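J.: This is the structure I want to talk about, given as structure tokens.
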Amino acid sequence: MIKAYLGIDIGSISTKGVIINEKNEILASSYLWTKGNPIKAVKQVLKSLQKQINEEKIKIVSVGTTGSARKLIGSILNASIIKNEITAHAVGTISLYPNVKTIIEIGGQDSKIILIRDKIVIDYAMNTLCAAGTGSFLSSQAKRLDVEVEDFGKIALTSKNPALIAARCTVFAESDLVHKAQVGYQKNDIIAGLCRSVALNYLNNVGKGKKIEEPIIFQGGVSKNIGVVKAFEDILHTKIITDKNGHLMGALGVAILSKKEKETEFSFDITENDFQTTSINCTKCPNNCEIICIKKDNIEIDHWGNRCERGEKTIEESKSITT
């Protein structure tokens, strides 16, 4: 029986999963939209992964979760490790590119920069308020221009005169796009300008003040857009490395991290279980904590959010009321 390790990266826009072996080789992978329902998305990812492996020969002995819903899904899957995205992405990337110094990651709604020296994360930053440099921004502009977002990159590369699009704010960028269209700019020039706007927004916000050094790895869903890749290369005057599995680096990283943890029981049958989340507002002290409870087939399996022992009493009182 081959030992295998499962990594799940649950983001606000997409959910990714990988199964790896002892050599960190990807045996199965899945990527799909979260659609505001991380539990359902993870179940679909698991079903996809299950179809790609022979369960008579491969046994998952450890599970890791990362991403915005890592705690929730970690509780559901009885994960061996629950880790933040910075660590997961760094570990996954270093496993494939040991000499990497800069990771540029742009996803559906967030983006991050990770600086690495000698395989150690020395600095990082994430976007805060602005989404102008993310995949959701590109998707919304694609709809506005009546173009498939998957075609953005190749259309951008046909431009000889990219339009100058405001790069610091989503609202300004959209206003600028409309103006450029109204004064007669060609669609490919506007699209090329948008790709450059994404790169500039990232560098002006997430990458501001950071020492970006080669090798540079670009990952996340937006890294599939060759127009944005070229924009980064033009601005930074260097080669940007992309990987066919760049969108899976977080899942890969947390799967690798799970190998160092205690082995746990895992079964794909979990996709047939019913999970519900509820919240309890504890008013027993000024903290006024919101306690999140997760139930499996109507039985509580985990809760979090309380900051003192009074929260535990609130939970017990809630249980007594419901029973």
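The values are calculated or read from the model by the stated rules, or taken from the named source; none is laboratory data. Every value quoted in this text rests on a predicted model; they were computed, and no experiment measured them. Glycine also receives a Cβ, built like all others from the backbone with ideal geometry; neighbour counts cover every protein chain displayed.
J.: Can you name the helices (runs of 4 or more DSSP H) wholly within the range 28-138 that have at least 1 residues being under 25 Å from GLU214 (Cβ atoms) and of a type in the set (A, V, I, L, M)? Steps first, answer last, please.
T.: On the way: elements: 38-52, 70-76, 85-96.
So the answer is 85-96.
J.: Kindly provide the set of residues from the range 108-140 that are touching a strand residue (DSSP E or B) at 6+ places or on another chain (Cβ under 8 Å) and modelled with pLDDT of 90 or more, ordered by number. Steps first, answer last, please.
T.: First, pick out the residues of the range 108-140 that are touching a strand residue (DSSP E or B) at 6+ places or on another chain (Cβ under 8 Å): 108, 110-116, 121-127, 133-135.
Within the range 108-140, LYS112, ILE113, ILE114, LEU115, ILE116, VAL121, ILE122, ASP123, TYR124, ALA125 qualify.
J.: Are any of the residues in the range 29-36 at negative phi, surrounded by 17 or more Cβ atoms within 10 Å (Cβ to Cβ), touching a Leu at 6+ places or on another chain (Cβ under 6 Å) and of a type in the set (Gly, Ala, Ser)?
T.: In the first step, residues of the range 29-36 are kept if they are at negative phi; the result is 29-34.
When the remaining residues are screened for being surrounded by 17 or more Cβ atoms within 10 Å (Cβ to Cβ), the result is 29-31, 34.
Pick out the ones that are also touching a Leu at 6+ places or on another chain (Cβ under 6 Å) and you get 29-30.
Right, trim to of a type in the set (Gly, Ala, Ser) and you get 29-30.
Yes, the range 29-36 has at least one match.
J.: Of everything in the range 302-318 that's modelled with pLDDT under 75 and closer than 21 Å to ASN78 by Cβ, which residue is surrounded by the fewest Cβ atoms within 10 Å (Cβ to Cβ)?
T.: TRP304
J.: Is it fair to say TYR5 is part of a strand (DSSP E or B), hydroxyl-bearing (Ser, Thr, Tyr) and under 30 Å from CYS195 (Cβ atoms)? Can you show your working first?
T.: On the way: part of a strand (DSSP E or B): yes; hydroxyl-bearing (Ser, Thr, Tyr): yes; under 30 Å from CYS195 (Cβ atoms): no.
Here the answer is no, as TYR5 does not meet what is asked.
J.: Sticking with this structure for a sec: Looking at the range 84-106, can you tell me whether even one residue there is under 30 Å from GLN182 (Cα atoms) and not assigned by TED's automatic domain parsing to the domain that holds ILE39? Before you say what the answer is, go through the steps one by one.
T.: Of the residues in the range 84-106, the ones under 30 Å from GLN182 (Cα atoms) are 106.
Among the residues that remain, those that are also not assigned by TED's automatic domain parsing to the domain that holds ILE39 are: 106.
Looking through the range 84-106, at least one residue is under 30 Å from GLN182 (Cα atoms) and not assigned by TED's automatic domain parsing to the domain that holds ILE39.
J.: Another one. Checking SER267 against (1) modelled with pLDDT of 95 or more; (2) not assigned by TED's automatic domain parsing to the domain that holds LEU115: exactly one of these is not met. Which one?
T.: (1)
J.: Right, something else. Every residue in the range 169-193 that is loosely packed, with under 15 Cβ neighbours inside 10 Å and outside any helix (DSSP H, G or I), please.
T.: VAL183, GLY184
J.: List every residue pair whose Cβ atoms lie under 7 Å apart, where the two residues are 6 or more positions apart in sequence or sit on different chains, the first residue falls within the range 140-151 and is small (Gly, Ala, Ser), and the second residue, located anywhere, is outside any loop (DSSP other than H, G, I, E, B).
T.: Hits for this filter: ALA142/VAL149; ALA142/PHE152.
J.: Quickly run through the range 44-91 and pick out the residues that are among the acidic types (Asp, Glu) and in contact (Cβ under 8 Å) with a residue 60 or more places away in the chain.
T.: To start, the set of residues in the range 44-91 that are among the acidic types (Asp, Glu) comprises 55-56, 85.
Scanning the range 44-91 gives GLU55, GLU85.
J.: Tell me, which residue of the range 265-301 that is free of Cβ contacts under 8 Å to residues at least 12 places away in the same chain and within 29 Å of ILE58 (Cα to Cα) is surrounded by the most Cβ atoms within 10 Å (Cβ to Cβ)?
T.: The extreme case among them is SER267.
J.: Among all residue pairs at least 6 apart or on different chains, which show Cβ distances below 6 Å where the first residue, located in the range 232-249, is on the phi < 0 side of the Ramachandran plot and the second is assigned to a loop (DSSP other than H, G, I, E, B) and among the acidic types (Asp, Glu)?
T.: Listed by first residue and then by second, the contacts come to THR238/GLU214.
J.: Does GLU316 meet the test of being part of a helix (DSSP H, G or I) and under 30 Å from SER136 (Cα atoms)?
T.: Numbers: part of a helix (DSSP H, G or I): yes; under 30 Å from SER136 (Cα atoms): no.
Here the answer is no, as GLU316 does not meet what is asked.
J.: Within the group ASP123, ASP118, which residue is among the acidic types (Asp, Glu) and in contact (Cβ under 8 Å) with a residue 12 or more places away in the chain? Talk me through it step by step, then tell me what you get.
T.: Numbers: ASP118 fails: in contact (Cβ under 8 Å) with a residue 12 or more places away in the chain.
Unique residue meeting the criteria: ASP123.
J.: Looking at LEU248, LEU203, which one is in contact with a Phe, Trp or Tyr (Cβ under 9 Å, 6 or more places away or on another chain), under 30 Å from TRP304 (Cβ atoms) and surrounded by fewer than 24 Cβ atoms within 10 Å (Cβ to Cβ)?
T.: Values: LEU203 fails: under 30 Å from TRP304 (Cβ atoms).
Testing whether each residue is in contact with a Phe, Trp or Tyr (Cβ under 9 Å, 6 or more places away or on another chain), under 30 Å from TRP304 (Cβ atoms) and surrounded by fewer than 24 Cβ atoms within 10 Å (Cβ to Cβ) leaves just LEU248.
J.: For GLU300, indicate whether it is among the acidic types (Asp, Glu), assigned by TED's automatic domain parsing to the domain that holds GLU25 and in contact with a strand residue (DSSP E or B) (Cβ under 8 Å, 6 or more places away or on another chain).
T.: On the way: among the acidic types (Asp, Glu): yes; assigned by TED's automatic domain parsing to the domain that holds GLU25: no; in contact with a strand residue (DSSP E or B) (Cβ under 8 Å, 6 or more places away or on another chain): yes.
No.
Conditions (1) in a loop (DSSP other than H, G, I, E, B); (2) outside the structural domain of LEU6 (by TED's automatic domain parsing), marked per residue:
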| site | (1), (2) |
| --- | --- |
| GLY207 | yes, yes |
| VAL222 | no, yes |
| VAL228 | no, yes |
| ALA231 | no, yes |
| ILE256 | no, no |
| CYS285 | yes, yes |
| ASN288 | yes, yes |
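J.: Could you please give the count of residues in the range 200-221 that are under 23 Å from ASN99 (Cβ atoms), at pLDDT below 95 and of a type in the set (A, V, I, L, M)?
T.: Residues meeting the conditions: 2.
J.: Does the range 40-57 include one or more residues that are at pLDDT 95 or above, surrounded by fewer than 17 Cβ atoms within 10 Å (Cβ to Cβ) and of a type in the set (Val, Ile, Thr)?
T.: No, there is no match, as no residue in the range 40-57 is at pLDDT 95 or above, surrounded by fewer than 17 Cβ atoms within 10 Å (Cβ to Cβ) and of a type in the set (Val, Ile, Thr).
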